[in-house]
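Step one of this worksheet: look at the structure below.
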Amino acid sequence: MQSDNQIVIGTAGHVDHGKSSLIKKLTGVDPDHLKEEKKRGLSIQPGFGWTFLPSGKRVSIVDLPGHERFIKNMIIGASGLDFVILVISAEEGIMPQTLEHCSILKAFGINEGIIVVSKKDLVDNDWLNFATEEIKKHLTEKNFFVDSPIHSISIKDDSSIDDLKKIIDEKIINIKNNKNINSSIIPIDRVFTVKGFGTVVAGKLSNQIINIGEQLELLPQKILVRIKNLEVHGNKVKTAYPGNRVAINLSINDSTKLDKGNLLANPDQIKPSKAFDGYFNSEDNTHIKHNHKVTIFTNTDEKEGVIRILGKENNDGKSWWVQIKSNEYINPIVGTRFLIRDSNKNLGSGIILIPEGKRYRKNYLPNIIEKLNNLYTKNYTNLIINELKNTPLTTIENLCSLYYLDQDIITNNIEKLKSEKKISYIYNNENQYIILSEKFDIYMTKINQIIESYHELFPYKIGITIEDCRKKIDLSQKNFQIILRELQSKKIINIKSAIISLINHEATLSTEQEKVANNFIEELKKYKFSPPTDIKISKEIINYLIYKKSITKISNDIYYEKNLADDLIEKILDLGKINNEITISSVRNKFGTSRKYTLAILEYMDSQNLTKRIDDKRYIR
Ligand SMILES: Nc1nc2c(ncn2[C@@H]2O[C@H](COP(=O)(O)OP(=O)(O)OP(=O)(O)O)[C@@H](O)[C@H]2O)c(=O)[nH]1
Ligand SMILES: [Mg+2]
């Protein structure tokens with residue numbers, strides 16, 4: 001079993017240039033198996049096979065149709081290729097679909113290949129040399145397969161085919177699978193039913209392994225399916241490896257509709273949507289109009305929709321920031337390429353950057369364009385900084401889901417920004433938040449100033465309520481709490497009973513207030529355990545005295561001088577120890593307090609967890 005990355009090799013080129021004949025020579029199997037293909041002597045659908053190269057490496061083979069009428073089938077098959085055999089007849093040379101196929105392959109980012117000059121038996125040597133030179137020159141001018149070797153063959157000359165195999169072997173050694181996609185993904189290019197087994201789908205697996213029994217999600221239907229059986233190169237296997245072309249027998253409800261163009265992926269990895277934003281490059285001399293009707297190709301999917309231009313051209317007049325809007329759900333994968341055609345020609349291609357395109361208001365456009373630019377240029381530090389400029393604080397998880405980026409990418413860039421002191425971490429209950437350092441400093445200074453001026457205005461008050469302070473700052477309750485906790489842990493502020501004060505603040509009374517306070521305490525003391533409840537005194541002074549521990553608040557209207565309260569409580573506890581229980585009557589008898597005071601002090605003791613009430617009795621805790 002081969003577990004190394006597998007390569008998919010495909011043919012491309014103009015109709016009748018000999019692609020299928022070459023594949024038959026390479027694999028021993030005629031890729032044109034449909035009745036109509038045989039009758040008409042041309043390929044209609046992609047044909048699939050595999051072969052061993054001289055090195056012993058096994059490769060998958062996809063033979064693509066060349067006739068312009070079947071260009072859509074060619075595009076769907078081309079999306080999964082790693083390496084291309086570009087077949088050009090020595091007789092005819094470069095023809096329209098040769099170039100069209102080249103531009104489609106380029107659109108999908110496929111630029112590794114070999115140029116094969118076919119049917120060399122039909123021309124003499126001089127012509128072959130001339131044709132080869134012309135082909136090379138022309139492709140170089142167009143910037144197609146510039147670094148690829150060129151080799152001439154004839155299906156009647158086995159040694160030319162053997163040599164081709166050797167060249168392919170050498171060339172594919174360095175090909176790596178697309179690491180962009182961090183999920184098991186199979187864009188489906190064939191669906192069929194096998195008697196006794198049920199639904200089978202086929203496609204190329206991305207850069208992860210899959211196993212029999214595994215659950216995958218069918219998209220855009222969002223249906224969970226299980227891998228019942230798995231085949232690679234016509235053999236039953238338990239595991240398929242990155243790059244394998246796989247046939248998967250799915251355990252799936254018979255009524256489920258599925259089609260080529262659908263996708264299998266790890267559950268919850270890919271979100272179907274009807275629009276995505278991206279970077280778009282138009283074909284030479286193609287003018288793109290806003291809201292132009294187009295056919296959209298993503299992976300093996302083909303849908304109708306429109307292209308919308310999000311901003312002005314990127315200077316060179318060939319590239320745009322665009323939104324591609326589909327009439328039906330599609331499965332946009334960040335970082336993968338898409339292709340756009342109108343009725344009969346390629347308009348251009350691009351890269352998907354934001355998989356859930358929204359309708360943007362005009363004044364938001366510069367913002368979205370900057371975002372797209374940062375995503376396209378992979379300037380993730382700028383991306384994060386811009387996001388933090390628009391929001392008070394955020395989390396790594398938020399950033400990942402906002403931009404569909406790997407956690408590693410976000411974390412690394414955040415670490416970088418942290419080391420440059422541009423952002424800071426703040427913590428709240430285990431949760432980590434990220435904030436622009438500059439912004440945190442501004443909040444800190446502002447909160448400090450608010451509390452400070454409050455202390456100046458009300459020196460006898462302990463501090464400002466959290467809500468009053470928040471109202472002076474433009475922050476949500478949640479974000480304000482997070483910042484307050486950070487200031488608290490930095491020992492800049494104190495928070496007690498929803499009141500914030502600066503760490504060094506000491507509440508002080510004026511001489512006048514002091515007098516009132518002292519009289520109040522004297523009055524309380526005078527009546528010992530039954531102090532009056534109707535003394536007129538301001539709430540501020542009361543709060544101050546509680547805060548200063550001069551009085552104890554027993555109930556809503558009963559206050560005891562602190563030492564008296566402590567003394568009474570201790571005595572009640574002593575009583576409880578002797579009697580093993582505390583009752584209202586035992587307290588009343590002992591201290592001569594009325595029912596009202598007795599109840600209040602006992603309830604206070606319960607609330608302080610000194611006693612526990614069961615029915616009408618209290619027990620020491
Ligand atoms: N003499 C000669 N004929 C060839 C050679 N290769 C292909 N042919 C013939 O060219 C014709 C077309 O070949 P195909 O292999 O079907 O061409 P294709 O590129 O697959 O065509 P499409 O799939 O329709 O694009 C057939 O009649 C082949 O027998 C060759 O090397 N020498
Ligand atoms: Mg063919």
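Restricted to helices (runs of 4 or more DSSP H) entirely inside segment 348-446, those with at least 2 residues that are within 20 Å of the chain's Cα centre (by Cα) and over 22 Å from residue 270 (Cβ atoms) are 365-376, 380-390, 407-419.
Looking across segment 332-347, the residues that are within 28 Å of residue 384 (Cβ to Cβ) and more than 14 Å from the chain's Cα centre (by Cα) come down to 336, 337, 338. Every condition in (1) touching a Ser or Thr at 6+ places or on another chain (Cβ under 6 Å); (2) of a type outside the set (Gly, Ala, Ser); (3) crowded, with 20+ Cβ neighbours inside 10 Å is met by residue 155 except one, and the failing one is (3).
Conditions (1) surrounded by 14 or more Cβ atoms within 10 Å (Cβ to Cβ); (2) in contact with a strand residue (DSSP E or B) (Cβ under 7 Å, 6 or more places away or on another chain); (3) within 20 Å of residue 610 (Cβ to Cβ), marked per residue:
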| position | (1), (2), (3) |
| --- | --- |
| 511 | no, no, no |
| 549 | no, no, yes |
| 572 | yes, yes, yes |
| 575 | yes, yes, yes |
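Residue-by-condition table, conditions (1) touching a Lys or Arg at 6+ places or on another chain (Cβ under 9 Å); (2) in contact (Cβ under 8 Å) with a residue 24 or more places away in the chain; (3) not acidic (Asp, Glu):
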residue: 408; (1), (2), (3): no, no, no
residue: 442; (1), (2), (3): no, no, yes
residue: 448; (1), (2), (3): no, yes, yes
residue: 458; (1), (2), (3): no, yes, yes
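For the criterion of being without any contact (Cβ under 8 Å) to a residue 24 or more places away in the chain and more than 10 Å from ligand 1 (Cβ to nearest atom), residue 125 passes.
I'd like the residue in segment 491-526 that is free of Cβ contacts under 8 Å to residues at least 12 places away in the same chain and outside any helix (DSSP H, G or I) and, out of all such residues, is nearest to residue 427 (Cα to Cα).
Of segment 491-526, the ones free of Cβ contacts under 8 Å to residues at least 12 places away in the same chain are 497, 504, 506, 511-512, 514-515, 518-519, 522, 526.
With the extra rule that they be outside any helix (DSSP H, G or I), the set shrinks to 497, 504, 506.
Values: 497: 21, 504: 23, 506: 28 Å.
The selected residue is 497.
Taking residues in segment 146-167 that are closer than 20 Å to residue 57 by Cα, and partners anywhere that are aromatic (Phe, Trp, Tyr) and within 16 Å of ligand 2 (Cβ to nearest atom), not one pair has Cβ atoms closer than 8 Å while being at least 6 places apart or on different chains.
The criterion of at least 2 residues that are of a type in the set (A, V, I, L, M) and either within 14 Å of ligand 1 (Cβ to nearest atom) or under 33 Å from the mean Cα position of the chain (by Cα) (or both) is met by the following helices (runs of 4 or more DSSP H) wholly inside segment 35-112: 71-78, 96-107.
Note on segment 311-334: residues that are crowded, with 18+ Cβ neighbours inside 10 Å and closer than 22 Å to residue 109 by Cβ total 11.
If we keep just the residues of segment 128-142 that are away from ligand 1 (no atom under 16 Å from the Cβ) and in contact (Cβ under 8 Å) with a residue 12 or more places away in the chain, which is nearest to residue 352 (Cα to Cα)?
From segment 128-142, those away from ligand 1 (no atom under 16 Å from the Cβ) are 129-130, 133-134, 136-142; that's our starting set.
Next cut, in contact (Cβ under 8 Å) with a residue 12 or more places away in the chain only: 134, 136, 138-139, 142.
Values: 134: 36, 136: 32, 138: 30, 139: 27, 142: 25 Å.
Top of the filtered list is 142.
For segment 193-248, enumerate the residues that are in a strand (DSSP E or B) and acidic (Asp, Glu). Can you show your working first?
As a first pass, look at segment 193-248 and keep what is in a strand (DSSP E or B): 193-194, 198-204, 210-211, 215-219, 223-232, 235-236, 239-240, 245-248.
Residues satisfying the conditions are 217, 231.
Computed from the coordinates by the stated procedures, all read-outs in this text should not be read as laboratory data. Keep in mind that what you see is a predicted model, and the values were worked out from it rather than measured. Cβ atoms come from the backbone with ideal geometry, glycine included; neighbour counts cover every protein chain shown.
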